[in-house]
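Written out below as structure tokens is the structure these notes cover.
The values are calculated or read from the model by the stated rules, or taken from the named source; none is laboratory data. Everything numeric here is computed off the predicted structure, so don't read it as measured data. Ligands, DNA and RNA are stripped out before the accessible areas are found, and what is left, the full protein with its side chains, is counted by its heavy atoms. Shrake-Rupley method; radii C 1.70, N 1.55, O 1.52, S 1.80 Å.
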Amino acid sequence: MLLTIGTMGLGGCVQVSAPDKPIEINLNIRIQQEVVYRIDGDAKKLIEQNGSIF
């Protein structure tokens with residue numbers, strides 16, 4: 001019985017509080033994009049002949 005009373009006294013209280021300063025998260029993100037295109041031979045010739053329209 002003495003052991004039970006002693007362990008009840010050890011059960012503490014947990015307190016959670018918000019920090020005074022805001023939480024700061026720094027993210028370093030690098031996005032790299034690569035565009036690959038292929039054109040038909042006839043379309044390529046047409047574009048080369050009329051390059052000023054593009």
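Only one of (1) at pLDDT 80 or above; (2) in a loop (DSSP other than H, G, I, E, B); (3) open to solvent by less than 100 Å² (accessible area, probe 1.4 Å) fails for Ala43. Which number is that?
Every listed condition holds for Ala43 apart from (2).
Tell me the residue from Ile29, Ile53 that is open to solvent by 100 Å² or more (accessible area, probe 1.4 Å) and at pLDDT 85 or above, please.
So the residue among Ile29, Ile53 that is open to solvent by 100 Å² or more (accessible area, probe 1.4 Å) and at pLDDT 85 or above is Ile29.
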